[in-house]
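Let me begin by presenting the structure, written as structure tokens, before commenting on it.
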Amino acid sequence: MANTRTIQIPIFLTLIFSYSPPSLLAADSYNVQSFGAKSDGISDSTKAFLSAWGAACATTTPATIYVPPGRYLLGNVEFSGNLCKNNAITIRIDGTLVAPSDYNALGETENWLKFERVTGVSINGGTLDGQGSALWACKNSGKSCPKGATSLAFYNSNNIRITGLESLNSQMFHILVDGCRNANLMNVKISAPGNSPNTDGIHVQQSSGVTIMNSGVATGDDCVSIGPGATDLWIENLACGPGHGISIGSLGRDSQEAGVQNVTVKTATFTGTENGVRVKTWARPSNGFVRDILFQHVVMNNVQNPIIIDQNYCPNHENCPNQASGVKITDVKYEDIHGTSASQVAVNFECSKSQPCSGITLEQVNLTYKDKPATSSCANAGGTADGVVQPTSCL
């Protein structure tokens, strides 16, 4: 069951990285300005950053790439680990990395800053400015626009640490963790307007051993989204809002899809969000699953859908009308969830008619609507309620 397992949090997560002058940096330190980077926010510093990366990768001893204060304009950058000899590279950022203001400059590139097949990379401090407002305006106008780029993406990488990073106004997702093992994100701050489309804060998929702690996300889509193949995920002390909450899904778009399991969300606050804690699956056949999930110690402040399972997801009623979700949801526990709902239905379990939810547990849940009792709604959902549960359980 979700509430019986433990996940060991490495002791290094408690480290706090404070500013040190360049003179105090490690001997194997590579200042991007030494490779030609300009801090004026106008000159393209892409080649300089790649040169610094190449120099750090050429050594086998721990190395630091240092970014001094200032604004550094970067185009699409791929930091590849294929030829990298170094498994301990720290990128210390005391400045701001700036994406091109013209969204066509990145074109159909999926990522702005991409790390592929790296091991032991740490990013400490700094700000990423995705300058996504022009692309959002294009999308919101209904015009034909590029999809947009994720600001920071890690693919097929191991032992990643991101500490004290701020991400502003991404074109698409702010941070993506895909195909990774052991990624730790701590003291991360993510910010974009509530009406910015598709600007998920942190998206995790096909990854295990991912930890997100002591972070705040305010954006136009999911604060944290959890995709297929995410296992052993720990989220603790998260502030979310505006945004669409924490979403497991959407899942089940493909008939053959990796499941999601062993996810803990502990000590989170949602303020003015569209959802609180959500599981969302496509209404179409799939062998996917969701199991061993724990949502614990969660505060809802005027949240539209505080607790929701939606297995009838079918955008524009295309490619799945009148079908049922094949994703099997089992052993999901909601413990100590309290606060206010912005809608009458505060707990909504709309499970699959072909794969009903089972093992749902509500314990110490207290949600109100306009200072009155809220209501709950269930379809194809089985489970138990323990302790004080308001609204009254429909399981």
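The values are calculated or read from the model by the stated rules, or taken from the named source; none is laboratory data. All of these numbers come straight from a predicted model, not from anything done at the bench. No Cβ is skipped: glycine too gets one built from the backbone with ideal geometry, and neighbour counts run over all protein chains shown. What goes into the accessible areas is simple: the full protein's heavy atoms, side chains included, and nothing from ligands, DNA or RNA. Shrake-Rupley method; radii C 1.70, N 1.55, O 1.52, S 1.80 Å.
Each label was represented as a point 7 Å from its Cα along the Cα-to-Cβ direction; for LEU395 and ARG117 these points are 4.6 nm apart.
Solvent-accessible surface of the range 49-143, averaged per residue with a 1.4 angstrom probe and all protein chains in place: 39 square angstrom. Label-to-label distance for THR61 and ASN82 is 2.9 nm, based on points extended 7 Å past Cα in the beta-carbon direction. For the residues LYS38, LYS333, a 1.4 Å probe over the protein chains yields an accessible-area ranking, largest first, of LYS38, LYS333. Using the Cα gyration tensor of the range 311-353, with a ≥ b ≥ c the square roots of its eigenvalues, what is the shape: rounded (a/c below 1.5), prolate (a/b larger than b/c) or oblate (neither)? The shape class here is oblate.
Helices in the chain, meaning DSSP H runs of at least 4 residues, each add -39500 (n - 2.57). Divided by all residues, the mean residue ellipticity at 222 nm is -1500 deg cm²/dmol. Taking 0.36 nm per residue of separation and subtracting the current Cα-Cα distance, fully stretching the chain between ASP40 and VAL388 would add 119.5 nm.
May I ask you to compute the full-extension gain from ALA134 to LYS147, defined as 0.36 nm times their residue separation minus their alpha-carbon distance, rounded to one decimal in nm?
3.4 nm
In the frame of its principal axes, the range 183-227 has Cα extents of 31, 22, 8 Å, reported largest first. With K and R counted +1 and D and E -1, the other residues having a Cβ less than 12 Å from that of VAL77 yield a net charge of -1. Putting +1 on Lys and Arg Cβ atoms and -1 on Asp and Glu Cβ atoms, find which of VAL217, ALA149, ILE202 reaches farthest to the positive end of the dipole of the range 145-255. Highest projection toward the positive end goes to ALA149. For the range 219-374, the solvent-accessible area works out to 36 Å² per residue, with a probe of 1.4 Å and every protein chain left in place.
Give the angle, between 0 and 90 degrees and rounded to the nearest 10, that separates the Cα long axis of helix 46-57 from the longest principal axis of the Cα atoms of the chain. Here the helix axis deviates by roughly 90 degrees. For a 4.7 Å threshold on C-beta separation, the list of partnerless cysteines in the chain reads CYS180.
Placing a label point 7 Å from the Cα of GLN206 along the Cα-to-Cβ direction, the residues of the range 164-181 whose backbone N falls under 11 Å of that point are 178-180.
Please get the size of the charge dipole for the chain, origin at its Cα centre, with Cβ charges of +1 on Lys and Arg and -1 on Asp and Glu, quoted in debye to the nearest 20.
Result for the chain is approximately 180 debye, rounded to the nearest 20.
Counting only residues at least eight positions apart within a chain, or on another chain, the lysines with an alpha carbon under 22 Å from that of LYS333 are LYS266, LYS280, LYS353.
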